2 protein chains.
Amino acid sequence: MHLGTHIIMDFFGCDREKLNDVNYVESELIKAALKADAHILGKHFHHFSPHGVTGILSLQESHLSIHTWPEHGIAAGDFFSCGNINAELACKLLSESLLATETKIKKLDRGEYNL
Amino acid sequence: MHLGTHIIMDFFGCDREKLNDVNYVESELIKAALKADAHILGKHFHHFSPHGVTGILSLQESHLSIHTWPEHGIAAGDFFSCGNINAELACKLLSESLLATETKIKKLDRGEYNL
C-alpha cells in the first residue's frame, strides 16, 4: 500500500519567454491542477531577477510545483497527489503550454507501508 | 550537468500527535529550511479534518513540502533545491522533530542537460 503518488516532470526545449512570464506560468499551473480534478488551497508564485519563475500550489490532494530556468529552456515540476487525481493529464497540459520538445517523467510511490 | 537536486523523504513511525499539530509542523519545517541555509519567500499550511497536515515553503532555492498522515504515523516530504543548500541536514532535523523511527530518502538530479 502507499499513501500518495509523486510525479516528477522535467520539461526541455521550452519556450523561454513563457518560462519567464510569471503570470503565464501561474495561469497554466492552475489550469493544469483544475483539469486534473485537484482542489487549490493556496498558492505562491515568484519571478526571480533577472529570470526564472517558481510556483507552488497547495492542494487538498497535496501539491503541484514548478521551477523554471528560461536561460536553459528547462522547467522542473512535481505533482504529489493522493486520491483520484489525473496527474498525467496535468503533466501533458503543462508540457503543451510550455511548448516543451521533450518531457521526462518519473512516478514514485510515496509513504509505502505494509497492512 | 543538472539544475537542481530533489530530496524525497518518507518518515515512518512518527509521533501521531505531532503529525497532526499544524503549528508544530509549520514551526519545524521553517526551522529545517533555515538551518539548511534556505531563504523563505512564502508559505502555506493547512490542517485537514479530521486529521492530517499539508505544508509548503516556497524558497529562493525552490521548495520544501511535507504531507502527514497521523493515522499511519507517516509523513512524506520533499526538498527541491538549487544552490548551496544542506538538504540532508533539513531531512535529519525533520526526522528528529517528528520522532520518526525510520526514514527513507531518495535523491534525484533534476533538469539534467548536456553542456
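Where a number appears in this text, it was derived from the coordinates with a stated rule and is not lab data. Please read these numbers as outputs of a predicted model, since none were measured by experiment. All Cβ positions, even for glycine, are placed from backbone atoms using ideal geometry, and neighbour counts span all protein chains on display.
Students often forget the sequence filter, so: which aspartates and glutamates lie under 16 Å Cα-Cα from B:Lys35 once same-chain residues fewer than 8 apart are removed?
B:Glu26, B:Glu61, B:Asp78, B:Glu88, B:Glu96
Give me P(r) over chain A, computed from all C-alpha to C-alpha distances, binned every 5 Å, as integer percentages.
Whole-percent P(r) values from 0 Å outward: 2, 13, 24, 24, 18, 10, 5, 2, 1, 0, 0.
Considering every residue in B:42-50, what mean count of other chain Cβ atoms within 10 Å of its Cβ is obtained?
Mean partner-chain Cβ count within 10 Å for B:42-50: 3.
In this model, which of A:Lys31/B:Lys104; A:Lys18/B:Lys31; A:Lys92/B:Lys106 are farther than 29 Å apart at the alpha-carbon?
From the list (A:Lys31/B:Lys104; A:Lys18/B:Lys31; A:Lys92/B:Lys106), the Cα-Cα distance tops 29 Å for A:Lys31/B:Lys104; A:Lys18/B:Lys31.
To the nearest 20 debye, what charge dipole does the stretch A:4-108 have about its Cα centre, counting +1 at the Cβ of each Lys and Arg and -1 at the Cβ of each Asp and Glu?
180
What FRET efficiency, computed as 1/(1 + (r/R0)^6) with R0 = 30 Å and r the Cβ-Cβ distance, is obtained for B:Asn23 and A:Ile105, rounded to the nearest 0.05?
0.25
So which residue of A has the beta-carbon closest to the axis that swings A onto B, and how many whole Å away?
Closest Cβ to the A-to-B rotation axis, residue and whole-Å distance: A:Ile56, 3.
Averaged over all directions, how much area does the convex hull of the C-alpha atoms of the protein assembly as shown cover when projected, in nm²?
Convex hull of Cα atoms, orientation-averaged projection: 11.2 nm².
Do the sum for chain B: with -39,500 (n - 2.57) for every DSSP H run of n ≥ 4, divided by all residues, what is the mean residue ellipticity at 222 nm, to the nearest 500 deg cm²/dmol?
The per-residue figure over chain B is -7500 deg cm²/dmol.
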